[in-house]
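In what follows, a structure is listed as structure tokens, so that the remarks can point back to it.
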Amino acid sequence: MPASPTSSANAPTEGYVFHSYGGEKYAQHAVVSVQTLRRYDDHRPVALFCPEPHREMLERYGADQFFQHIEPLPPEHRSIVGFKHHLHKFKIFDRSLFVDADMIWCRDPDPLWTQLSAFPFTGTGLMRADHFFGGPKGAGVILDMLLRRRRSTLRHFGLTNLPRVQAGMIYAQDDDTTRAVSETAADFLARSDETHFRSRLNEGRSEETCEWSIAMAMSKLELAVFPWLQGRNSPQLDYIDGLTTHDPDFQNVSCTFYTTPFIYNLRGLPSRGLRDFLFGLANQLPGLGDRMEVTPFVVHFGWLHQKQPFYDFADRTWKHILDDRSTPRLKQQSADPGA
């Protein structure tokens with residue numbers, strides 16, 4: 001792990017940590033996300049862990065200036081679990097906020113940092129995971145429920161609850177706690193055959209998920225999740241077409257947020273027609289249609305069938321970055337927010 005930036009007892013360093021691997025476009029996405037972040041936060045440093053070809057590409061185009069630290073990402077950590085089950089190795093700042101690159105920042109994150117500072121370690125999520133979390137996404141979940149497989153998993157490992165972790169935003173402050181979460185999550189994944197959780201590799205995906213194992217680790221270590229769905233105070237909300245309005249550059253973003261969790265969970269339906277029909281039905285029932293227009297700190301393009309707007313925005317923004325050589329360069333800025 002690289003040396004942590006100098007900090008004082010009164011001013012611990014706060015910073016964002018990105019990672020990229022695979023095609024060069026993923027490093028470009030990190031640059032695009034940082035550019036939206038810099039609309040609101042121009043002083044906290046940003047680190048990127050990536051393979052050498054990504055660094056070389058960024059340097060070739062002058063885009064390395066978006067990061068105060070670019071560090072190597074070893075081959076064994078170039079996967080979802082390879083990185084997020086080893087966050088203690090990449091905790092370059094005293095208070096590190098690990099964020100995915102498929103995010104667009106929409107608000108000043110100062111209030112978010114203030115709230116996160118109360119936690120030794122946390123990830124956005126829900127206090128209780130539903131049966132789809134880590135389980136089958138189709139009708140197979142009914143069999144899991146009837147056979148109480150989730151309950152059996154928790155009992156087998158001596159746990160009494162399973163939170164829902166959305167690992168696109170993870171905050172780490174205490175070094176020992178961060179290491180403990182990483183090691184415990186890795187151990188749970190290694191023992192996945194003792195659980196009811198399904199491997200995402202068997203669903204045709206190229207990578208294994210880290211979320212259920214991190215959730216199990218946080219339950220084991222008695223760590224709280226940071227509430228994901230908080231209405232106007234939401235740290236991140238999913239981009240959903242029809243529920244998200246924005247200008248082409250995502251300067252002004254508004255998300256429709258249903259206050260009844262069951263109704264809001266309908267946003268994930270891949271059929272927009274069915275989803276809109278059910279939302280329309282809910283709007284006719286007392287209380288179920290209550291909703292608000294909110295601007296989260298981050299819009300996250302986590303759903304596979306909702307990623308195209310981000311890809312389009314990222315392509316346009318990357319082109320503008322290359323064309324506009326007057327883009328502010330922050331490479332020389334101090335990594336200490338209190339400096």
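The values are calculated or read from the model by the stated rules, or taken from the named source; none is laboratory data. Values in this document were obtained by computation on a predicted structure and should not be read as measured data. Reconstructed Cβ throughout: ideal geometry from the backbone, glycine too, with neighbour counts over all protein chains shown. Remember, those area values only see protein heavy atoms, side chains included, never the ligands or the DNA or RNA. Shrake-Rupley method; radii C 1.70, N 1.55, O 1.52, S 1.80 Å.
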Mean projected area (nm²) from the convex hull of Cα positions in the chain is 17.6
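Which percentage, to the nearest 5, of the DSSP beta bridges contained in the chain is antiparallel?
55
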Rounded to a whole %, the carbon-and-sulfur portion of the accessible area of the chain at a 1.4 Å probe is 53
Cα convex hull volume per residue for region 232-304, in Å³, equals 91
The ³J(HN,Hα) series, computed from each phi in region 289-300 with the Karplus coefficients 6.51, -1.76 and 1.60 at θ = phi - 60°, rounded to the nearest Hz and given as x for glycine or proline, is x, 4, 8, 9, 9, 10, 10, x, 5, 9, 9, 10
Spelling it out for residue 94: with amide H atoms placed in the peptide plane at 1.01 Å from N, the residues 5 or more places away or on another chain with amide H under 5 Å from its amide H are 13
With DSSP loop assignment and no more than 10 other C-beta atoms within 10 Å, the chymotrypsin sites (Phe, Trp or Tyr not before Pro) in region 82-134 are none
Distance in Å, no decimals, from the C-alpha centre of region 113-130 to the one of region 232-260 is 20
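Using 0.36 nm per residue of separation minus the Cα-Cα distance, give me the extension gain between residue 152 and residue 320 in nm, one decimal. Display every interim value, and only then the final one.
Working: separation 168, 0.36 × 168 = 60.48 nm, distance 5.29 nm.
Extra length from residue 152 to residue 320 when fully extended: 55.2 nm.
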For region 37-78, inverting the pair-averaged 1/r of distinct alpha-carbon atoms gives a Kirkwood value in Å of 11.2
Interchain or sequence-distant (5+) residues whose placed amide H lies within less than 5 Å of the amide H of residue 291 are 259
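Probe of 1.4 angstrom, ligands and nucleic acids ignored: what's the accessible area per residue over the chain, in square angstrom?
46
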Note, region 99-107: 3J(HN,Hα) by Karplus (6.51, -1.76, 1.60, θ = phi - 60°), whole Hz, Gly/Pro = x, goes 10, 6, 7, 8, 10, 10, 7, 10, 8
For residue 248, the net charge from surrounding residues (Cβ-Cβ under 11 Å; K, R +1; D, E -1) works out to -2
